[in-house]
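Each remark here refers to the structure printed beneath this line.
The values are calculated or read from the model by the stated rules, or taken from the named source; none is laboratory data. These numbers were taken from a predicted model, which means no experiment stands behind them. Counting neighbours? That spans all protein chains shown, and the Cβs are built from the backbone with ideal geometry, glycine included.
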Amino acid sequence: MKYISTRGQAPVLSFEEAMLTGLARDGGLYVPETIPTLDKAEIAALAGLSYEETAFRIMRPYIGDTFTDAEFRDIIAKAYAGFGHTARAPMVQLDSNHFLLELFHGPTLAFKDFAMQLIGQLFQAALKRNGSRVTIVGATSGDTGSAAIEAFKGLDAVDVFILFPNGRVSEVQRRQMTTPAEANVHALAVEGHFDDCQARVKDMFNDFDFRDGVKLAGVNSINWARVLAQVVYYFYSAVALGAPDRKISFTVPTGNFGDIFAGYIAKRMGLPIDRLVIATNQNDILHRCLTTGEYRPDGVIPSISPSMDIQVSSNFERALFYAYGQDGAAVSQLMDELKNGGFTVSQGALQALQELFDSGNCSEAETSATITDMFATTGELMCPHTAVAVKVANEHRKTDVPMITLSTAHPAKFPAAVKAATGVHPDLPARMADLYERSERVTEIGNDLAALESLIRERIQN
Ligand SMILES: *Cc1c(COP(=O)(O)O)cnc(C)c1O
């Protein structure tokens with residue numbers, strides 16, 4: 001299996017190379033040259049399998065010869081061993097045809113653990129074999145950073161630097177990044193928004209001198225291996241509800257478009273998905289784009305669902321690549337226009353997107369009201385990101401197609417919003433109950449590329 005860039009100008013890579021590289025050298029994102037498919041019998045045969053075995057069968061065709069079957073099974077087993085639920089991704093029922101897929105039983109209580117724990121094991125295995133070392137740099141709106149630090153802390157072949165917007169992540173998110181004591185972990189509080197952090201990480205990747213000098217590797221959701229890991233739970237949950245004999249829809253709380261793009265890949269692989277619904281908070285650029293074709297960032301407004309406070313949605317580039325018939329030059333041009341304020345999706349591409357995706361947004365008041373209402377009517381406490389999705393799912397639900405809404409974080413990760421809406425303080429699971437007592441280690445730094453690069457160079461020499 002080979003991987004190509006969405007902008008068509010970067011070298012074609014193997015799975016291992018694409019995984020270790022992250023961003024393509026032409027600024028694009030890697031996608032598989034072809035998308036493998038499963039026939040109906042192969043999908044039906046997934047029924048009743050463990051999460052790990054499902055993961056092996058879904059991801060195997062993408063790995064090529066990077067790992068043997070035995071190695072890959074071992075990597076998957078290690079990745080999910082630390083989850084707090086044997087089903088890994090259990091479902092609960094909200095209404096007669098509405099289900100919540102709980103993706104928050106990993107070590108940092110958000111769905112990012114599904115991809116990050118796997119990537120940690122993949123990197124470890126590949127680097128050990130090559131005898132090489134890398135510097136991982138990532139930007140986070142909160143959950144990616146904690147998941148990355150948890151997955152990479154203490155591994156010998158990596159240093160991990162996480163940029164997060166100072167003062168704009170929840171206390172639990174911050175503490176998950178600043179309390180690990182391992183020397184290879186570096187939490188950087190950057191003056192600015194998530195989009196600034198993400199832009200600086202992209203700048204580092206485009207500074208080839210720096211990139212090659214420190215052996216930069218990326219684990220943001222632009223990394224193909226992360227998207228791939230997320231494809232698994234679409235199959236796992238849909239099959240549990242009767243696929244492939246029955247169509248299923250999904251609603252996904254969306255920021256950087258990684259999670260819902262994994263749903264798109266599942267559909268292309270043959271999973272009978274009826275609708276993929278994009279749910280956004282008040283930062284609703286994706287909803288506006290799907291409705292009007294105009295993609296014009298106009299500044300982030302902080303919300304109670306901070307992991308979705310995004311205006312430049314990186315993985316949307318992958319969706320555009322397919323909507324434009326895999327035309328790398330067209331994507332390249334759109335991304336150039338984005339640097340100058342935004343772009344208009346062509347009629348044909350917009351139609352292609354609308355055939356696949358529905359969308360909706362959710363205000364702050366509606367988010368709180370949904371948390372209140374769901375607690376009252378079902379007894380479920382939910383995090384604000386999940387509530388955004390539940391509100392939008394309820395607007396798109398049909399009686400004859402089950403809707404699975406992705407529950408992306410544990411309510412205890414966002415206790416203030418949950419308490420305000422329900423009067424109930426959600427408790428952290430016992431395994432991390434002492435989080436508020438652990439001591440913190442963090443470096444505050446300006447939104448400045450040169451300062452960031454010199455700090456990273458210094459730290460990795462020690
Ligand atoms: C990251 C995140 C999202 C958004 O996922 P994307 O893949 O960026 O669209 C939603 N909810 C939570 C809790 C998250 O951490």
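Observations
- Options L216, L241: the member that is within 27 Å of V312 (Cβ to Cβ), away from the ligand (no atom under 16 Å from the Cβ) and not aromatic (F, W, Y): L216
- Flag if F99 is closer than 26 Å to L449 by Cα, modelled with pLDDT of 95 or more, in contact with a Leu (Cβ under 8 Å, 6 or more places away or on another chain) and away from the ligand (no atom under 16 Å from the Cβ): no
- Residue within the stretch 328-349 that is of a type in the set (S, T, N, Q), within 26 Å of Q9 (Cα to Cα), out of contact with any Ser or Thr (no Cβ under 9 Å at 6 or more places or on another chain) and within 14 Å of the ligand (Cβ to nearest atom) present: no
- Taken over the stretch 316-335, the criterion of being under 15 Å from R268 (Cβ atoms) and surrounded by fewer than 17 Cβ atoms within 10 Å (Cβ to Cβ) is satisfied by G325, Q326.
- All positions within the stretch 284-309 that are of a type in the set (D, E, K, R) and either in contact (Cβ under 8 Å) with a residue 24 or more places away in the chain or closer than 19 Å to A349 by Cα (or both): D284, R288, E294, R296, D309
- In the stretch 281-292, residue nearest to the chain's Cα centre (by Cα) [restricted to those that are within 15 Å of the ligand (Cβ to nearest atom) and farther than 20 Å from S170 by Cβ]: L286
- Screening A393, A409, A417, A387 for residues that are under 19 Å from S303 (Cβ atoms), aliphatic (A, V, I, L, M) and in contact with a Phe, Trp or Tyr (Cβ under 6 Å, 6 or more places away or on another chain) leaves exactly one candidate, A409.
- A229 being among the hydrophobic types (A, V, I, L, M, F, W, C), at pLDDT 95 or above, at negative phi and within 12 Å of the ligand (Cβ to nearest atom): yes
- Residues of the stretch 354-402 satisfying the condition of being farther than 25 Å from L320 by Cβ, of a type in the set (A, V, I, L, M, F, W, C) and surrounded by 24 or more Cβ atoms within 10 Å (Cβ to Cβ): I371, M382, C383, A387, V390
- From the list T386, T399, the one residue that fits, being touching a residue at least 40 places away in the same chain (Cβ under 8 Å) and more than 14 Å from the ligand (Cβ to nearest atom), is T399.
- Test: residue in the stretch 398-405 that is under 22 Å from F250 (Cβ atoms), in contact with an Asp or Glu (Cβ under 6 Å, 6 or more places away or on another chain), assigned to a strand (DSSP E or B) and of a type in the set (S, T, Y): no
- Scanning the stretch 345-369 for residues that are assigned to a helix (DSSP H, G or I), in contact (Cβ under 8 Å) with a residue 40 or more places away in the chain and not hydrophobic (A, V, I, L, M, F, W, C) yields Q347, Q354, E364, T367, S368.
- Helices (runs of 4 or more DSSP H) wholly inside the stretch 68-166 containing at least 2 residues that are among the acidic types (D, E) and surrounded by fewer than 18 Cβ atoms within 10 Å (Cβ to Cβ): 69-80
- Residue check for A79: over 22 Å from A148 (Cα atoms), modelled with pLDDT of 95 or more and of a type in the set (G, A, S): no
- Residue satisfying condition, being within 23 Å of V158 (Cβ to Cβ), at pLDDT 95 or above and among the polar types (S, T, N, Q), within set S50, S14: S14
- Restricted to the stretch 131-176, and to residues there that are over 17 Å from the mean Cα position of the chain (by Cα) and under 15 Å from G106 (Cα atoms), the residue that is modelled with the highest pLDDT is Q176.
- Some residue of the stretch 305-317 being under 30 Å from T34 (Cβ atoms) and more than 11 Å from the ligand (Cβ to nearest atom): yes
So that you can scan it fast, the table gives a plain yes or no per residue for (1) more than 22 Å from W224 (Cβ to Cβ); (2) surrounded by fewer than 22 Cβ atoms within 10 Å (Cβ to Cβ); (3) more than 16 Å from the ligand (Cβ to nearest atom); (4) among the basic types (K, R):
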{"residue": "I248", "(1), (2), (3), (4)": "yes, no, yes, no"}
{"residue": "V252", "(1), (2), (3), (4)": "no, no, no, no"}
{"residue": "G255", "(1), (2), (3), (4)": "no, no, no, no"}
{"residue": "A262", "(1), (2), (3), (4)": "no, no, no, no"}
{"residue": "G270", "(1), (2), (3), (4)": "no, yes, yes, no"}
{"residue": "D274", "(1), (2), (3), (4)": "yes, yes, yes, no"}
{"residue": "A279", "(1), (2), (3), (4)": "yes, no, no, no"}
{"residue": "E294", "(1), (2), (3), (4)": "yes, yes, yes, no"}
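- The stretch 179-191, subset touching a strand residue (DSSP E or B) at 6+ places or on another chain (Cβ under 7 Å) and surrounded by fewer than 22 Cβ atoms within 10 Å (Cβ to Cβ), residue farthest from A157 (Cα to Cα): A189
- Within the stretch 103-114, the residues that satisfy the criterion of being more than 13 Å from the chain's Cα centre (by Cα), within 12 Å of the ligand (Cβ to nearest atom) and over 20 Å from F56 (Cα atoms) are T108, L109.
- The condition of being closer than 18 Å to G28 by Cα, free of Cβ contacts under 8 Å to residues at least 60 places away in the same chain and assigned to a helix (DSSP H, G or I) holds for only one of R200, R211, that being R211.
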